[in-house]
Amino acid sequence: GNVFNLEQGTSMKPYEKQTELSGPIARYAKDIKNFTEGKLHPVAFTANRVKMGIYQERKGSTYMCRIRCSANMVTPAQLKVLAGLANIFGDRRIHITTRAEIQIHGIAIEDTVEVLKKLEGTGLSSIGGGGHTIRNIITNHDSGVHPEEEFDVQPYALALANQMLDEPDSLNLPRKVKIGFSSLPHHHDFCLTQDIGFVAVKNNGGKHGFKVYAGGGLGAKPHIGFCLRDFIPVGHTYPVVKAIKNVYHRYGNRKNKHHSRLRFLIFDDLGKEKFKSLFEEEFLTLLDEEGLVIDVPIMTNAENQITSINLEPLTDHSAGFEYWKKFRVSAQKQIGLFSIKLNLPLGDLSSSDCQKLVKLTNNFGENVLRCGSDQNLYIRNIPERFLPNLYSELQELDTPVFDRKFTANLIPCTGAQTCQVGINYPRPLVTAIFDHFERIGFALDEISDLRIHISGCPNACANHWIADLGFYGKVRRIGGHPIPTYNVVGGADLNNEEMCLAQKAGWVHSRDLPDFLSTVFKRYIEFKKSNNQNASFSIFWKETGQKYIETLCKEKYNQIPSFEEDKNYYFDHGAAEIFSTKDLGKAECSAGIYDMIEVDRRAIQSNLSELKQKNISSENMISVLKETLFFASRMLLVTRGEEANNLIDAAGKFIKHFIDTALLDEEYRNILKTVPELPDNKFIKHEENIVRFSDAVISLYKGMDQTMNFPGEVKKDKSNVINFSEMKSNEKGKDKPDKFKDLRGVRCPLNFAKTKVQMAVMHPGETLEIFLDDGEPIKNVPGSVRLEGHHILNEEKIDDYWRVVIEKA
């Protein structure tokens with residue numbers, strides 16, 4: 001029964017979100033209010049905000065909203081709403097990302113709530129667009145229409161996306177998880193660099209299924225994923241992801257966010273074989289469980305073969321139309337239907353052009369638009385007789401979608417213009433590149449298939465590690481002055497048996513990069529002519545290209561003039577000021593609530609240093625002591641799902657979670673019970689106790705392992721799980737559970753938080769009985785309890801609620 005419910009799938013309307021969004025939006029609105037009133041710490045606000053897909057932009061006064069387009073899909077009606085939101089609240093453009101999402105930039109913080117509310121009614125969502133979450137689940141943009149594909153994977157990606165967002169623990173992972181599907185068995189490079197990748201295949205019996213990869217990733221220490229399973233039936237994608245998610249929750253590194261991605265767990269911490277063993281155990285257990293059936297929408301791309309379209313066909317025999325057909329139009333596997341690549345320079349489309357595109361595509365139904373991971377839009381399911389109509393109407397757009405430059409395959413990230421951690425300015429650089437090509441009269445048709453990716457920093461937002469030729473920003477210094485440069489990588493090849501990511505080959509100054517590209521391209525064209533016109537860039541790279549580029553960089557492009565000789569080298573493209581990193585911010589995509597631990601730890605240590613100063617006044621000492629005690633009491637509460645806004649509240653919760661559970665010595669109970677309520681003038685005589693308690697908390701934190709277990713805690717392992725029959729007999733053998741909590745009427749995820757509070761004060765082996773409402777509570781809480789390593793002894797439905805008995809591990 002653990003398969004996708006193909007028979008009962010929805011027929012069309014595949015874009016509807018199932019997740020209830022009003023609750024999270026209301027909580028986010030409250031977060032904004034508390035933050036602006038100073039009641040919510042900036043780090044906690046950032047962690048909550050990015051989880052909603054809202055990022056602060058470089059200047060600090062505006063924000064970006066990242067909207068998930070599950071399985072790359074967006075309808076004309078949805079695009080119309082997005083264009084309106086960008087026009088009213090943003091900078092009057094939408095931006096297509098390399099994760100096939102749509103971003104709206106330039107939003108005021110108070111307007112972000114209204115944007116989220118408007119999205120709710122469209123079937124789109126930004127929740128999970130950032131933070132430690134399951135990110136947008138993507139496919140190849142031409143899945144469902146490519147003539148050489150195995151089968152359409154978009155329905156499975158969409159069903160999985162809806163299911164994942166319905167599970168609270170998908171929004172609280174050790175770090176983000178990216179999932180991709182490919183319908184093309186021999187063109188799946190982006191699947192191999194996902195945390196989890198599904199590639200469409202057939203088994204020996206001719207049945208459709210997926211080859212599963214795990215542990216891929218770009219950015220710091222990029223890695224190609226390894227084959228986790230050669231074949232799974234199409235209906236097992238959800239149990240696969242849930243099993244990986246469960247293992248990741250149990251063993252993932254929550255303490256060090258720089259070593260927290262799934263690939264580090266697989267290749268550095270556990271090893272492939274251990275991870276695979278843990279996965280198989282979890283996967284097979286899940287296959288035995290009930291309730292893993294999820295609906296897959298029934299989707300067709302053939303409707304326009306027979307649909308009556310109220311449009312008069314045009315005719316066009318011009319050279320421009322024929323050129324457009326050759327380079328921008330592709331025949332689909334549905335006979336008589338075609339797809340169109342809409343070239344978006346820099347991935348942008350103005351609000352007004354969105355409205356024109358909506359009006360045009362409305363003639364061809366809902367299933368007509370896809371976002372590409374190459375930052376372009378694709379129009380599909382167009383009958384051949386209407387191609388001249390599309391050609392004519394698209395020329396009315398202000399966006400230069402007909403530019404013959406290879407803009408479509410040159411992918412820049414947003415860089416320092418809006419990104420907090422951007423070093424360089426890739427977008428103005430792209431403009432400079434094309435201006436240079438036009439100035440020297442460089443013809444680009446011969447290299448129109450090359451993938452050129454430019455990231456403004458070492459983060460791989462532009463996917464430079466899978467480019468034919470890639471670049472990522474790097475600060476270098478000449479005579480003490482910082483300069484904007486790019487490290488050069490190239491030769492990625494993930495579609496044959498000798499798979500490899502791009503390799504480094506030197507560096508080039510931002511100012512010289514346009515000339516560098518034209519020089520390399522000329523050499524590549526010469527190579528093709530002297531060898532084989534079909535020779536790929538990866539072949540060129542392996543045979544002569546990498547060595548040629550290394551020499552070119554060293555001998556020609558690494559000779560930078562001093563500041564006095566040429567100040568132009570100390571500016572970046574599009575910048576009005578001398579290059580500097582003074583306004584460089586912190587990466588928000590990795591922001592998590594656990595960052596609050598480090599905020600409090602640093603504040604405690606700073607205060608302890610201040611207390612050692614002999615000249616500190618009594619007034620300041622009292623303030624520092626109260627603050628230190630508060631930070632020390634609050635610091636570790638986040639590991640128990642708790643928050644506290646005042647000293648007395650924090651002290652009480654610390655006693656419950658760390659003194660009552662014997663994680664910290666009993667001697668600190670009296671300090672926490674009495675000192676917080678003392679008048680200010682009594683605080684000074686407790687300086688030694690407060691300092692000793694603070695040191696003990698920091699010491700406890702240092703002993704915490706990467707899965708947030710403290711010394712003496714039972715590990716969240718499955719080695720002590722008893723079988724189901726034993727659970728039932730054990731539960732029935734007791735007269736009554738040790739603890740009871742009625743959680744009816746308590747919504748997710750607060751019901752799980754309250755369950756954890758009860759479990760924290762219990763001893764191993766004791767039992768807790770809880771009552772839960774039907775629906776989301778019974779669906780989510782028992783699974784979350786299992787993730788904590790505890791045992792569900794019994795689940796039974798009583799009238800309209802559930803009785804659940806839990807044994808503490």
Using label points projected 7 Å from each Cα along Cα→Cβ, tell me how many nm separate S609 and F710, to one decimal.
2.6 nm
What does the extension gain come out to for S562 and I88, with contour length at 0.36 nm per residue minus their alpha carbon separation?
166.0 nm
Between A302 and A26, what length comes free when the chain is fully extended (0.36 nm per residue of separation minus the Cα-Cα distance, one decimal in nm)?
95.3 nm
Using the beta-carbon distance between S699 and D435 and R0 = 45 Å, what value does 1/(1 + (r/R0)^6) give for FRET efficiency, to the nearest 0.05?
0.15
In deg cm²/dmol, rounded to the nearest 500, the helical mean residue ellipticity at 222 nm of the chain, built from -39500 (n - 2.57) for every DSSP H run of length 4 or more, is -10500 deg cm²/dmol
Please give every one of the lysines within straight-line cross-link reach of K682, meaning a C-alpha to C-alpha distance under 20 Å, and leave out same-chain neighbours fewer than 8 residues apart.
K612, K614, K626, K673
Cα-based Debye curve of the range 448-498 sampled at q = 0.15, 0.30 Å⁻¹ gives log₁₀ I(q)/I(0) of -0.46, -1.06
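So if each residue of separation counts as 0.36 nm, and I subtract the Cα-Cα distance between L678 and K474, what length gain in nm does that give? List each step's numbers first, then the result.
Values: separation 204, 0.36 × 204 = 73.44 nm, distance 5.34 nm.
Working it through step by step, the gained length comes to 68.1 nm.
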For the range 58-203, what mean projected area does the convex hull of the alpha carbons give, in nm²?
9.8 nm²
Please go through the residue pairs K333/K359; K245/K274; K59/K702 and name each one whose alpha carbons sit more than 24 Å apart in this structure.
K333/K359; K59/K702
Simple label model, 7 Å out from Cα along Cβ direction - N204 to E795, nm:
3.7 nm
For the chain, accessible area per residue (1.4 Å probe, heavy atoms of protein chains only), Å²
42 Å²
Please list 136-149, 439-452 highest first by mean number of surrounding beta-carbon atoms within 10 Å per residue.
136-149, 439-452
Helix 109-120 versus the longest principal axis of the chain: what angle, 0 to 90°, nearest 10, using Cα atoms?
80 degrees
Expressed as a fraction of 2.2 N^0.38 Å, the rule-of-thumb size for a compact globular protein of N residues, what is the C-alpha radius of gyration of the chain?
1.02
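Please tell me which of these pairs span more than 29 angstrom C-alpha to C-alpha: K341/K556; K178/K202; K221/K542; K178/K656; K33/K653? Show your work: numbers first, answer last.
Details: K341/K556 37 Å; K178/K202 24 Å; K221/K542 22 Å; K178/K656 37 Å; K33/K653 25 Å.
Check vs 29 Å cut-off fails for K341/K556; K178/K656.
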Net charge dipole size for the range 211-302 [Lys, Arg +1 and Asp, Glu -1 on Cβ; Debye, nearest 20]
680 debye
Packing-based order for 787-796, 472-481, using average beta carbon neighbours within 10 Å, highest first
787-796, 472-481
Quick one: helix 272-287 against the long Cα principal axis of the chain, what's the angle to the nearest 10°, folded into 0 to 90?
80 degrees
Can you tell me how the range 648-690 classifies by the Cα gyration tensor, rounded, prolate or oblate, using a/c under 1.5 as the rounded cut?
oblate
If you roll a 1.4 angstrom probe over the protein chains with everything in place, what fraction of the accessible area of the chain belongs to carbon and sulfur, to the nearest %?
48 percent
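What does the net charge come to around K178 if you take all other residues with beta carbon closer than 10 Å to its beta carbon, with K and R at +1 and D and E at -1?
That sum, taken over residues with Cβ under 10 Å, equals +3.
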Compactness of the range 214-323 as Cα Rg over 2.2 N^0.38 Å, two decimals:
1.73
Two-decimal ratio, the range 551-639, of alpha-carbon radius of gyration to 2.2 N^0.38 Å:
1.94
Nearest 10 degrees, 0 to 90: helix 426-440 Cα axis against the chain principal axis:
10 degrees
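The values are calculated or read from the model by the stated rules, or taken from the named source; none is laboratory data. Since the model is a prediction, treat every value here as computed from it, not as a measurement. Positions of Cβ are generated from backbone atoms using ideal geometry, with glycine treated the same way; all protein chains shown enter the neighbour counts. SASA here: full protein model, heavy atoms, side chains in, ligands and nucleic acids out. Shrake-Rupley method; radii C 1.70, N 1.55, O 1.52, S 1.80 Å.
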